[in-house]
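Engineer: One structure follows; several queries about it will come next.
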Amino acid sequence: MWDALWLGVDAATGVSGAAHGACGLIRDAAVAVRGSDIAWVGARAALPGPPEQLARTLHSGGGRLLTAGLIDCHTHLVFGGDRALDYELRAQGASYAKIAAAGGGIRSTVALTRALSAEELAATALPRARALRADGVTTLEVKSGYGLDVASEIRLLEAARLLGAQLDLEIVPTLLALHALPPEFAADRAGYVALVVRELIPEVAAQGLARAVDVFCEHIAFTVEECASVLQAARDHGLAVKVHADQLSDSGGARLAAEYGALSADHLEYTSAAGVAALAASGTVAVLLPGAYLMLAETQKPPVAALRAAGVPIAIATDLNPGTSPCTSLTLALSLARALFGLTAEEALAGCTRDAARALGLSASRGTLEAGKQADFALWDLGHPREFGYWLGPHRCCATIRRGVCRWSSNLE
Ligand code: DI6
Ligand code: FE
């Protein structure tokens, strides 16, 4: 007998090649849960018996749309303060790079972040995480990167863990080791990279605080060579790797990501044809971050047509961070990805479910509605999956369910 059976839903399963058309849609579906996993998915009419004899608990979705729980695969959720002042300066003509060079930007957030304890950092991030959960998110990647010394980076990763426990969200922690040069190493780039390689990565790996290591490969951040040494150290310690690649210039980030077998290469506005080919060959996911594109008034778009043609999986994330993407809605990011980059509804939905799972190395357990995967769902007041990314702004999420348990719901009446 199943523990629970969801009825009265149209299920956008996200299973590609399904006989059900775009987004693997099954009208009048049934989704069964046993323990924390999905036990059965299909048309209600194909159930092997009367529902009340099949499951202990029956839930009705009231005719709504059910998807896999959304996965925000790129966030910098935990930080101190905000950067509203930087945004004002940008409105007056200062560029992101110029503000960073003057000691503002990421480094100003580092100063505010270092002053807070893990508990204070978690408390600051809580409303942002809540907003994401109320928008259908059940799994959330959280990067460090605003501590930039061993103790502060570890504190950020601990704050991420605390948040996951408080909110019943699945937090996937990433050590963003090379984000900016901390002020105490302003005259010693090599010294900082050595600290990351010799102390930070070994310590984080030993404590099991992160699954992956990320680097910001960019002219205002770190060179390909500096990033390569950190990615190598990550791999040597059994951690996956990710790269902030080609966001502001073609800095070789996508090729670097491919060379190190990265789970994902993120941003990609300036990625060349060679970079796209490298990503395709390595099976690296392209993560698009339209919030940062919009807030920086960028005009160079990521090479979506080339990524598609090369068969590179495309994910979409909020990039939630104080400097370039203060965005607490993944469905808003979908809307932006469609409006600005021309993604289809099917690409948008896959981009925050199936391909986002892949960008976190979690495809085996998450990202689609399939028997054997974790019972993570989002229930939507939408009639058809083509509405994903059509509504401009947070969509109408009614409930998020993780491991078979409802973790958040609006008034379902
Ligand atoms: N790229 C981004 O868009 C964020 N980090 C990164 O490497 C920006 C982070 C910030 O400005 O605080
Ligand atoms: Fe980022």
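The values are calculated or read from the model by the stated rules, or taken from the named source; none is laboratory data. For clarity, every value in this text was computed on a predicted model and none was experimentally measured. Cβ sites come from the backbone with ideal geometry, for glycine too, and all protein chains shown count toward neighbours. Side chains are part of the model used for accessible areas, which takes the heavy atoms of the whole protein and leaves out ligands, DNA and RNA. Shrake-Rupley method; radii C 1.70, N 1.55, O 1.52, S 1.80 Å.
Engineer: Give, to the nearest whole percent, the P(r) tail of the range 32-85 beyond 19 angstrom, counting all Cα pairs.
Structural biologist: Working: 739 of 1431 pairs.
Within the range 32-85, distances greater than 19 Å cover 52 percent of Cα pairs.
Engineer: When only alpha-carbon atoms count, how far does the range 234-303 stretch along each of its three principal axes, as whole angstroms with the largest first?
Structural biologist: Cα extents, longest axis first: 38, 22, 17 Å.
Engineer: Using 1/(1 + (r/R0)^6) with R0 = 41 angstrom and r between the beta carbons of Gln207 and Tyr87, what's the FRET efficiency to the nearest 0.05? Don't jump to the answer; show the numbers that get you there.
Structural biologist: Details: r = 35 Å, r/R0 = 0.86.
That pair, Gln207 with Tyr87, gives E of 0.70.
Engineer: For the range 129-196 and the range 25-85, what is the separation of their C-alpha centers, rounded to whole Å?
Structural biologist: Here the two parts' Cα centres lie 28 Å apart.
Engineer: State, to one decimal in nm, how far the label point of Ser36 lies from the label point of Ala151, with both points 7 Å from Cα in the Cβ direction.
Structural biologist: Output for this residue pair reads 3.4 nm.
Engineer: Hey, what's the per residue convex hull volume over the C-alpha atoms of the range 117-249, in cubic angstrom?
Structural biologist: Working: hull volume 14.7 nm³, N = 133.
Looking at the range 117-249, the number lands at 111 Å³ per residue.
Engineer: Also, I was wondering about something else. In cubic angstrom, how much convex hull volume per residue do the alpha carbon atoms of the chain span? Can you show the working numbers first?
Structural biologist: Numbers: hull volume 52.9 nm³, N = 413.
Here the figure is 128 Å³ per residue.
Engineer: Which residues among the range 258-288 fall inside the zone where the amide N is under 15 Å from a point 7 Å beyond the Cα of Gln232, along Cα→Cβ?
Structural biologist: Backbone N within reach: 259-261.
Engineer: Which helices count as membrane-span-like in the chain under these terms: full DSSP H, at least 27 Å along the axis by C-alpha, Kyte-Doolittle mean of -1.0 or more? Before the final figure, lay out the partial values.
Structural biologist: Values: long enough: none.
Going by DSSP H runs, there are no hits.
Engineer: Would you kindly state how much longer the chain becomes between His384 and Ala115 on full extension, computed as 0.36 nm times their sequence separation minus their alpha carbon distance, in nm to one decimal? Write out the running numbers ahead of the final one.
Structural biologist: Working: separation 269, 0.36 × 269 = 96.84 nm, distance 4.65 nm.
Once the chain is fully extended between His384 and Ala115, it gains 92.2 nm.
Engineer: For the chain, what is the relative contact order in percent, using Cα pairs closer than 8 Å and at least 6 residues apart in sequence? Please list the in-between numbers first.
Structural biologist: Details: 1015 pairs, mean separation 79.5, N = 413.
Once normalised by length, the contact order is 19 percent.
Engineer: Glu184 to Ala309: extension gain in nm, 0.36 nm per residue of separation minus the Cα-Cα distance?
Structural biologist: Numbers: separation 125, 0.36 × 125 = 45.00 nm, distance 4.51 nm.
My answer for the length gained is 40.5 nm.
Engineer: Using a probe of 1.4 angstrom, how much of the accessible area of the chain is carbon and sulfur, in percent? Could the numbers behind the result be given before it?
Structural biologist: On the way: 8010 of 14880 Å².
The value for the chain is 54 percent carbon and sulfur by accessible area.
Engineer: Distance between the C-alpha centers of the range 329-395 and the range 213-260? Whole Å please.
Structural biologist: Distance between centres, Cα-based: 26 Å.
Engineer: Given a 1.4 Å probe, how much area per residue of the range 129-229 is accessible, in Å²? It would help to have the intermediate numbers written out before the result.
Structural biologist: On the way: 3250 Å² over 101 residues.
Accessible area per residue: 32 Å².
Engineer: Quick check for me: using +1 on Lys/Arg Cβ and -1 on Asp/Glu Cβ, what's the dipole size of the range 129-268 about its Cα centre, in debye to the nearest 20?
Structural biologist: Details: 11 positive and 20 negative charges, 64 e Å.
Computed charge dipole of the range 129-268: roughly 300 debye.
Engineer: Given 0.36 nm per residue, what is the gain on full extension from His219 to Asp28 after removing their alpha carbon distance, in nm? Each step should come with its number before you reach the end.
Structural biologist: Numbers: separation 191, 0.36 × 191 = 68.76 nm, distance 5.20 nm.
Contour length minus Cα-Cα distance gives 63.6 nm.
Engineer: Additional query: Rg to Rh ratio, the range 285-413, alpha-carbon atoms and Kirkwood radius? Walk me through the numbers on the way to the answer.
Structural biologist: Working: Rg = 14.9 Å, Rh = 15.4 Å.
That ratio equals 0.97.
Engineer: Let me ask another. For the range 70-136, list log₁₀ I(q)/I(0) at each q in 0.15, 0.28 Å⁻¹, using the Debye formula over Cα point scatterers of equal strength and ignoring solvent, two decimals each.
Structural biologist: So the normalised log intensities work out to -0.61, -1.12.
Engineer: Just name one of Thr67, Ile314, Ile106: the one whose Cα is farthest towards the positive end of the charge dipole of the chain (beta-carbon charges, Lys/Arg +1, Asp/Glu -1).
Structural biologist: Working it through, the farthest residue towards the positive pole turns out to be Thr67.
Engineer: Based on the Kirkwood radius over alpha-carbon pairs, what value in µm²/s does the Stokes-Einstein equation return for the translational diffusion coefficient of the range 1-108 at 37 °C and 0.692 mPa s? Kindly include the intermediate steps, with their values, before the conclusion.
Structural biologist: On the way: Rh = 17.6 Å.
The calculation lands on 186 µm²/s.
Engineer: Do you know the relative contact order of the range 344-413, to the nearest whole percent, from alpha carbon pairs under 8 angstrom that are 6+ apart? It would help to have the intermediate numbers written out before the result.
Structural biologist: Working: 84 pairs, mean separation 19.0, N = 70.
Answer for the range 344-413 is 27 percent.
Engineer: Which residue, chosen from Cys227, Thr353, Ser249, occupies the Cα position most advanced towards the positive end of the dipole of the chain, where the dipole is computed from +1 (Lys, Arg) and -1 (Asp, Glu) charges on Cβ about the Cα centre?
Structural biologist: Farthest along the dipole direction, towards plus: Thr353.
Engineer: Calculate the FRET efficiency for Ala297 and Asp3 from the Cβ-Cβ distance with a Förster distance of 60 Å, rounded to the nearest 0.05.
Structural biologist: 0.75
Engineer: Okay, next question. How would the range 327-391 be classified by its alpha-carbon gyration tensor: rounded, prolate or oblate, with rounded meaning a/c under 1.5 and the a/b versus b/c comparison settling the rest? Can you show the working numbers first?
Structural biologist: Numbers: a/c = 2.07, a/b = 1.52, b/c = 1.36.
Verdict is prolate for the range 327-391.
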